[in-house]
C-alpha cells in the first residue's frame, strides 16, 4: 500500500510538473498561429472566432489582447518555472499569479466557445489560426476545460528540476505522452494537419498550361494518326472540362471539311489522348435544323 | 457626381482585353457559336448522344418557358402587357399574383416602362410572381461617400456600379454589412434606377475578411465530390441579352478563359474547372426544380463570397452558381430572396 501510495504520488507529482511546459507550448503556439493568419490575411481579426461574441468595434483590440495575453502567459510560465528564476519572477507570488491567470484564461475560453457556438454555429474557434476553422464542437470545449484543470493543477508546483532518477524521467515522459494523446484526440486541428500532409491536388482543379497540353498531344499516337488530315496545326478552339482539355483543329477527310477534336487527360505523365471527327456544322443546329447563332435561347 | 463618368466602362475595357487570342467571352466573341458547338465536339470524341446539351441550346417554344422578361407597356387589374424582344406579350393576372417593386406591392402598382420579369404558372399564361425594376450589386467597395458607394463587380466585363443606400434601409443594411468601407465586400438588392442601384435590403451577411484575402478553400484529395452543394445567387444582365438562360461559373479554367485581373484565388468552394459553353445541371433544393444550363460567363464576384443560403435549411459554404435572372426565376427562385440552396453537377 505504501509502495502504491508512493508510486501514485510520483505520478501525480509528475503530472503537475508536466503541465507547465505543455501549457506554455500551447499558449505560445496558439499566439504564433494567430499572428501568422493575421499576417497572411492582412487583418488582425480575421478568423479569430471568440472575438465574434464582442461588439464589432472591440474585435481588433480583443484579438490583439488575446494573442498578447497568450504570449505573455506562455512566456511567464516558462520564466517562473525554472529553479534559476530570481527577483520579481521567482517562484512564489509571480508563478502563482501567472498560473492562476492561465487557468482563468482557459476557463473563460470554455464560456466564450459555448457562446460562440450558440451565436455562430459555423464559426471556428481560431485557436490555432488556419488550422482551427472547423465549427466549435464539444471536443474543443472539453479541451479548454481540460487545460483549465491542468493550469489549476500547476498552481503551487515547486520550481521544475531535472528528474532525480531514470524512473522518474520515464514517468514524466509517459504522463506527457498520455496528455498529448488526449489533447490530440480533442483537437480537430490534428485532422486538418493530416489532410494537409496527405494532400495532392485533384486533376479537376489542377492548373495546366495549354502549351503543356498541346506538347503532350503532339507526342501522342492519335495526333500522329490524324495529323495528315489537319489543315492547320494551331487549334481553332481550346477549352477544358474537369480533367480533360479539348483542342479542335480544321481538317479534311475524303475531301470533306471536318473538325478533328482531341481530348487530353490532364495527368502529369503519359496522359491519355482521345480523338474524334465532327462535321463543322454539328451542334450548331437547333432541333428545327436552322442554324442556331447568338443570341442563345431567349425567353420570349 | 463624378462617379457617373466611371460607370459601366467594363464593356470598353473588355473589348481591349478581347484582342488577346483564346479569350473566352460569350458576349463579345466574334464567333459565339463556337461555345455552342463545344458539347457536340466533345460528343464526337466520347461518342455521347445525350439529349442534355441538345435541349440546352434549342429554342424553347414560348409556352414551354415559365419566365417572361420585358418592359411593362400596360397594367390593368386582370392583364399585364410586356414589350418583349419578340413583340407584345399579354399575361393574365390572378388574385394570387404577387408583385415586387422595392417591396411587395399589388400588381397594379407597376409602372409603364418598368423592366419586369414574370414567372407564370406551369403551362398557363397566368402570372405567379412579377418583379419590376429589381436590381442587385455584389462586389468590392472601392469608394464611399456617406451612403453612396462605388462597387467593383468583380470582373472587367461587369465593370463598376454605383449604389445609393436608401435612408430607410440604412440600418437594416448596416446590421448585415457593418463595414461599409473600401476593401470589403457588399451584396445588396434594391430598385434599379437610372445609373445606380437604390439599395433596399442586404442579400447576405458581410464576410469578416477583406475582399483581397478570401479564405482558402478546403483541401481535397482524390476527386472532387460531385454533385457539389452550396448557394446559387443571381446577377443583373448587364451586357447579356435579356432572357439569357445560363450561369456565371466561379471556376472557369484560367488558362483558356483569361485570368481575371481581379482574381484572388479559387474561392472557398472547390469546383472543377470548366469553360464557357460547358453544361451543368443546377438543382434548386428548395423548390425541387432542376435544369441543364450552359456556363455563359465568369463568376468572379461569386468566388469572393463564402456565405450560406438559409432559404430551406443551411447550405454548405460558398457560391456554386451565379445565375442569370431568367435562369434563377425559371428554377423557382425568388429574386428578392437573393439565393436558394443548390446542387451542381456536370451535365455530360
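I'm checking my understanding of the structure. Among residues of region B:221-241 that are out of contact with any helix residue (DSSP H, G or I) (no Cβ under 8 Å at 6 or more places or on another chain) and facing chain A (nearest Cβ under 7 Å), which one is surrounded by the most Cβ atoms within 10 Å (Cβ to Cβ)?
The first filter runs over region B:221-241 and keeps only residues out of contact with any helix residue (DSSP H, G or I) (no Cβ under 8 Å at 6 or more places or on another chain), leaving B:222, B:225-231, B:240-241.
Now narrow it down to the ones that are facing chain A (nearest Cβ under 7 Å): B:222, B:241.
Working: B:222: 9, B:241: 19.
For region B:221-241, the residue satisfying everything is B:241.
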Selection from region A:16-39 of residues modelled with pLDDT under 90, surrounded by fewer than 19 Cβ atoms within 10 Å (Cβ to Cβ) and within 20 Å of residue A:148 (Cα to Cα) yields A:16
Within the bounds of region B:74-81, is there any residue that is on the phi > 0 side of the Ramachandran plot and outside any helix (DSSP H, G or I)? no
From the list B:182, B:208, pick out the single residue that is free of Cβ contacts under 8 Å to residues at least 12 places away in the same chain and part of a loop (DSSP other than H, G, I, E, B). B:208
Verdict on residue A:213 being free of Cβ contacts under 8 Å to residues at least 24 places away in the same chain, in contact with a strand residue (DSSP E or B) (Cβ under 8 Å, 6 or more places away or on another chain) and not assigned by TED's automatic domain parsing to the domain that holds residue A:13: no
Of those in region B:287-321 that are in contact with a helix residue (DSSP H, G or I) (Cβ under 9 Å, 6 or more places away or on another chain) and outside any strand (DSSP E or B), the residue farthest from the other protein chains (Cβ to nearest Cβ) is B:311
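Go over the candidates A:160, A:230, A:170, A:186 one by one and state the one that is away from every other protein chain (no Cβ under 13 Å) and touching a residue at least 60 places away in the same chain (Cβ under 8 Å). Don't jump to the end; show me each part of the working.
Working: A:230 fails: touching a residue at least 60 places away in the same chain (Cβ under 8 Å); A:170 fails: touching a residue at least 60 places away in the same chain (Cβ under 8 Å); A:186 fails: touching a residue at least 60 places away in the same chain (Cβ under 8 Å).
Only one candidate qualifies: A:160.
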Please state which of the following conditions residue B:273 fails to meet, knowing it meets all the rest: (1) within 14 Å of another protein chain (Cβ to nearest Cβ); (2) buried (at least 24 other Cβ atoms within 10 Å of the Cβ); (3) touching a residue at least 40 places away in the same chain (Cβ under 8 Å). (3)
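The values are calculated or read from the model by the stated rules, or taken from the named source; none is laboratory data. Note that the structure is predicted; figures quoted are calculated from it, not measured. Counting neighbours? That spans all protein chains shown, and the Cβs are built from the backbone with ideal geometry, glycine included.
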